[in-house]
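See below for the structure under consideration.
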Amino acid sequence: MKYLCTVLILIFLSVEGFAQIQFVERLEIETKPNEENFMIFPYKSGVLGFRVHGDRGLVLKRKFQYFLGSNNLEKKDLREVELPDYHDLIAYDFEGEFLYVLIGRTSIGKDRKIYRINLENSSLEKFDVSKTLQFDLQDFQVLDERAIMMGLLDGRPVVQVFDIEEESVFTLQGIYANDAKIIQLQKQPETGVFDVVMSRRDMYKNKLISVLTFDLDGQKLREVKIDKLDDPKFEILEAVLTEPSAYRQAMFGPFGLRKKDAFQGIYFANINEFGEYFNHYYTIEDFPNFYNYLPERARKRRNKSVERAIEREKSITIPNVLATREVMAFGDGYLIYNDYFSPSSSRYMYNRNFYPGSEAYFNQHQRMYPALGTGMTAGGMGRPINYQFKYMAAQFMFVDSQGKLLWENSLPLGNKITHSDQKFGQVSFDGRDLYFLYLDKADLVLSHVREGEVLMENEKFEIELINDKERIRDTPENSLSLTWWYDNYYLLTGTQKVRYQTESGREANRHVFFVTKIKVDNQQMQFAEDR
């Protein structure tokens, strides 16, 4: 009997650990219902939170409020900056110990200012931005005390560089053009340059992708033109450019049939220091696990259909939208996260509306305030069109720097319906273990993939408090936000009503904005042998 127990213990000890969520630390700020939430971003080893807050909901009087929190979410004092009447926050960025906020009446107009806030000593400087063009601002980044502002003027893209100290401005040449758009604006703090990724069509309606590198004086240092794919009937649909590493840059995104947005797969443009590029292509033939998000019978049916098309040498179109959300450089490879979703209308045109240059600072939050990309676009006569999006799968692929596909797999998203076409979940990856975490109403949903093998799929966890003597009375779903922080830690923010006991023993409630530090890891089962 003792021998049998020992064998069973050894068997249990050999069982693979299981992924688990831990609620580690929590920060709270008491608020009133219907007050604006704080936006939370990583800052050094801690966090920064800020918002624009109106007195009793008035538009006239607004304050910019901010606070710093440590790695274990200990909060410093809440600080305030008075804004001019009728002014609001338009955009923001970080550089060193400074927070730069662009304020004004609207995103279009000359009555704008840049506030430079020293987050270490709370000093404030103000700069006039009235010399810039009156364009529809799309992105705002600060590099070496220059504000790089990208927007639209009469439907055409324009980029201006504003010298904050000198309060002077110039416009980049070669950007303003018909039938052109800026896909990505990315600064490179280490080298003091920035990239502009553009797409346009030539006189023959062929789509061209250009990666333009500028210095802060507006000089074009390099231009990489990706003007054709190996097969002329295909074209690049969108692009995500990585930061340079070891004299190499990479660009990933979906490609498809010309002028039809019919998705064929994912391309990888490997760009060397001389501006030469080498393309790699990954289609449904390379993704045997692409339909793993489907139930077993439907999955087998789809896979057989793919096999028949391959045998007949037919080109296989991926239905719906395959959107590249994030590219993580790791060691000698890249992890690519794609969302697979279906829009409610065929009139919807896929257009990435976030700028990956922001990822290094605040995990793909928009630099524009409020966030862009709500699934609403202008219809005929300026009428807004509201779209819905059915999210079917999160697809992952890991490739080495030479383009070899090391593994790929898909996780089901349960056909969740949203009104936003932005990325669905948050990814933590260390080169071996991938954790995918997202919000489903007021629950956290976790999946775990190890070297391409799915170990856990869509396990739900309820939101918990740190103090086990308190209870959650209410958590508004639309207040919640989830971001990856660092390593395998995430930040969950939102508002809650919390029930607690006062010192006198009476029950009371408080309404709070909260920030919770969440750890996701692989917990090993522990067993003890009876002695």
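Data for the structure
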| item | result |
| --- | --- |
| Protection proxy ranking of 63-70, 144-151 - average other beta-carbon atoms within 10 Å, highest first | 144-151, 63-70 |
| Hydrodynamic radius (Kirkwood) for the range 108-202, which is based on Cα pairs only, to one decimal in Å | 14.3 Å |
| Pairwise FRET efficiency - PHE170 versus GLU459, Cβ, R0 = 56 Å, nearest 0.05 | 0.60 |
| Electrostatic dipole magnitude of the chain [Cβ: Lys, Arg +1; Asp, Glu -1; Cα centre; debye, to 20] | 2020 debye |
| Kirkwood-type radius of the range 254-325, with distances r between different C-alpha atoms, in Å | 13.8 Å |
| Cβ-based charge dipole, the chain, positive-most Cα from LEU335, ALA239, GLN65 | ALA239 |
| The range 382-517: translational diffusion in µm²/s, Stokes-Einstein, Kirkwood Rh over Cα pairs, 20 °C, 1.002 mPa s | 123 µm²/s |
| Two-site FRET efficiency, LYS404 against ASP443, from Cβ-Cβ distance with R₀ of 41 Å, rounded to 0.05 | 0.65 |
| Mean projected area (nm²) of the alpha-carbon convex hull when the chain is viewed from all directions | 31.3 nm² |
| Separation in nanometres of the label points that stand 7 Å from Cα toward Cβ, at TYR247 and TYR204 | 3.4 nm |
| Sorted peptide list for 406-415, 214-223, criterion being average Cβ within 10 angstrom, highest first | 406-415, 214-223 |
| Residue among GLN173, GLN134, MET203 farthest towards the positive dipole end of the range 52-205, charges placed on Cβ | MET203 |
| Most to least packed among 389-402, 464-477 [average Cβ atoms within 10 Å] | 389-402, 464-477 |
| Alpha-carbon centroid distance for the pair the range 281-321 / the range 460-518, whole angstrom | 42 Å |
| Rg and Dmax of the range 426-500, Cα atoms only, in Å | 14.1, 44 |
| Debye log10 I(q)/I(0) for the range 217-348, one point scatterer per Cα, at q = 0.11 Å⁻¹ | -0.47 |
| Inter-part distance where the range 144-189 and the range 114-140 are each reduced to a Cα centre, Å | 15 Å |
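Each reported figure results from applying straightforward, stated rules to the coordinates on display, with no laboratory input. As the structure is a prediction and not an experimental result, all values here were calculated from the model. Heads up, the Cβs are rebuilt from the backbone with ideal geometry, glycines too, and the neighbour counts pull from every protein chain shown.
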